[in-house]
Structures are given as structure tokens and as C-alpha cells.
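Worksheet for the structure shown next.
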Amino acid sequence: MPQLVSKKIAVLVSGGGTNLQALIDNQGNINGTIDIVISNKKDAYGLERARLNNIDALYINQKDYESAEAFNAEIISELTRRNIDLVVLAGYLKILSKDFINCFKNRIINIHPSLIPSFCGKGFYGLKVHEEAIKYGVKISGATVHFVDEDADTGSIILQDTVKIDDDETAESLQKKVLQIEHKLLPEAVRLFCEGKLHIENRKVIVK
Ligand code: GRF
């Protein structure tokens, strides 16, 4: 069997970065290395997690650019300069430009804290996702890792897992439960990607 070339990974974060941490902790199982962590928020703790692990950490302020496209172009140029193979959105709250998505077609993955296609799309982020799931009365929720396409949370689904919603569940307790499964799903999806095992066939992701 030919030796697989190790992949270069970039992780984009806007917040605490517990999913980034899960990736860092699982790097031993992944045929790739996190080359850079980028954030649009100066005080995102995800940047600190990168620094603590000797990973390059870069803050890019959208306000320094005249348009969203120019801001995205700056990130694209940083990623292409580094020959990044895979972009992981781990709690990144900016919409990617069309150019960004085209440039990294089928090489951008996102994690969302619900069972897509429920409780997802524009405006569904943070506690709001869990509040809406509880309000609706669903009995299970979960997490989804998917490829990113031009719309919000509509790309091909790579992996999903579920959690039970108890009668006395709060958005906060559900968020905690879901994060626990996120921290397993995301490293697993990245591992599969880096081993070349994810194949998209008619929008379905086949793992082989
Ligand atoms: C996670 O719930 C993820 O699904 C969503 O944003 C949150 C990020 O959490 N996209 P963290 O910053 O990884 O702790």
C-alpha cells in the first residue's frame, strides 16, 4: 500500500474552541497536522489553545478590509500560501464567500450541534439551536459534521450522532450533552478525510 501523504489542516474558530481542543487531543490518530488556527475574534480562546500547543494562531479583523470578499480573500491567501488541504470550521461564525467555497470545494467541513436538517440554517447557532429543539419537543437531538457548500448547513452529511432529550432538559444541559458527542464526531470525520475515505456520491457521503 502506498504511504498516505500527511494532510495540512487549518481550523477556523470564533469562540472557546473546545472542538479545536478535541482535534488537538486526537492528532495522534489523524494523518494530518493542524498548521494554523485562524479567528475573526481577537479574544477567541481557540487562539490561545493554539498558542499553548505551538500551533500558529492568526487573528484577522474583518473591519480592516473594505468588504467581506476582501476579508475572505485574505484568509484564502493565507491558506493557499500554506498549502492547506482541509479547512475545519469549529464554531466559526462568519459566512464564507463563494470564492472561499470554490477554492476549497469538498475540502471544508463544519460541525453543527443538531441533527441536520433540523434546527439549522441562518440564525441557528449557540444556545438558540438547543432552545428551539426543546421548544419543539423533539425527543432526540445530536450533532452533524458536514461538508460546506454555498448555503448554510446544507452540504453533504459526513457523520451524525444522537443524544436523548430529558423532560427537564435545559438548553444549557443539552448543549453540554451535544458537545460531548461533537468532540468525538469531529476528530473522527477529520481522521476519515485525511485517510481519503470520504467519497461524495449524489450528495451522499460514502465512507470507504
Ligand atoms: C459547537 O457547538 C459547534 O457545533 C458550533 O459551534 C460550537 C463551537 O463550540 N458550530 P467550541 O468553540 O468548539 O467550544
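The values are calculated or read from the model by the stated rules, or taken from the named source; none is laboratory data. These figures come from a predicted structure and were not determined experimentally. Positions of Cβ are generated from backbone atoms using ideal geometry, with glycine treated the same way; all protein chains shown enter the neighbour counts. In case anyone asks, the SASA skips ligands and DNA or RNA and just uses the protein heavy atoms, side chains included. Shrake-Rupley method; radii C 1.70, N 1.55, O 1.52, S 1.80 Å.
Brief remarks on what is shown
- Taking the convex hull of the alpha carbon positions in region 17-119 and averaging its projected area over all directions gives 7.3 nm².
- Of the trypsin sites (Lys or Arg not before Pro) found in region 130-172, those that fall in a DSSP loop while having at most 16 other beta-carbon atoms within 10 Å are Lys139.
- Rounded to 5, the percent of DSSP beta bridges in the chain classed as antiparallel: 45 percent
- Note on region 104-157: Rg/Rh from C-alpha atoms, Kirkwood Rh, equals 0.99.
- Rounded to two decimals, the Cα-based Rg/Rh of the chain, with Kirkwood Rh, is 0.96.
- With semi-axes defined as the square roots of five times the eigenvalues of the C-alpha gyration tensor, the equivalent ellipsoid of region 40-82 measures 21, 14, 5 Å, largest first.
- Computed [θ] at 222 nm, helices only, for the chain once each DSSP H run of length n ≥ 4 contributes -39500 (n - 2.57): -10500 deg cm²/dmol
- The length gained on full extension between Leu127 and Leu93, counted as 0.36 nm times the residue separation minus their Cα-Cα distance, comes to 10.9 nm.
- Highest to lowest packing among 24-30, 58-64, scored as the average C-beta count within 10 Å: 24-30, 58-64
- Per residue, the accessible area of the chain comes to 53 Å², computed with a 1.4 Å probe over protein heavy atoms only.
- Once C-alpha pairs closer than 8 Å and six or more residues apart are averaged by separation and normalised to the residue number of the chain, the relative contact order reads 19 percent.
- Helix runs (DSSP H) in the chain reaching 18 Å along axis by Cα, Kyte-Doolittle at least -1.0: 68-81, 171-194
- The H on the amide N of Ser14, modeled in the peptide plane, is under 5 Å from the matching H of Tyr92, Leu93, each at least 5 residues off or on a different chain.
- Taking the protein heavy atoms of the chain in the context of the full set of protein chains, the accessible area attributed to carbon and sulfur is 49 percent at 1.4 Å.
- Span per principal axis, largest first, for the Cα atoms of region 65-167 (Å): 50, 28, 17
- The accessible area of Ser67, taken with all protein chains in place and a 1.4 Å probe, comes to roughly 40 Å².
- Each principal axis of the Cα atoms in region 134-208 has its own extent, and those three values, largest first, are 42, 23, 18 angstrom.
- C-alpha center-to-center spacing [region 146-208, region 1-34] in angstrom: 16 Å
- 11 Å cut-off, amide nitrogen to a point 7 angstrom out along Glu69 Cα→Cβ, residues in region 90-104: 98-99
- HN-Hα J in Hz across region 154-161 - Karplus 6.51, -1.76, 1.60, θ = phi - 60°, x for Gly and Pro: 10, x, 4, 7, 9, 9, 9, 8
- Selection of GluC sites (Glu not before Pro), region 64-118, meeting DSSP coil and at most 13 other Cβ within 10 Å: Glu66
- Placing unit charges on the Cβ atoms only, positive for Lys and Arg and negative for Asp and Glu, gives region 66-164 a dipole magnitude near 360 debye about its Cα centre.
- Think of each Lys and Arg Cβ as +1 and each Asp and Glu Cβ as -1; about the Cα centre, that makes the dipole of the chain roughly 440 debye.
- Taking 7 Å steps out from each Cα toward its Cβ at Leu52 and Glu195 produces label points 2.9 nm apart.
- Among the trypsin sites (Lys or Arg not before Pro) within region 1-53, those in coil by DSSP and having at most 13 neighbouring Cβ atoms inside 10 Å are Lys42.
- Cα→Cβ-extended label distance, 7 Å offset, between Asp167 and Glu78, nm: 5.0 nm
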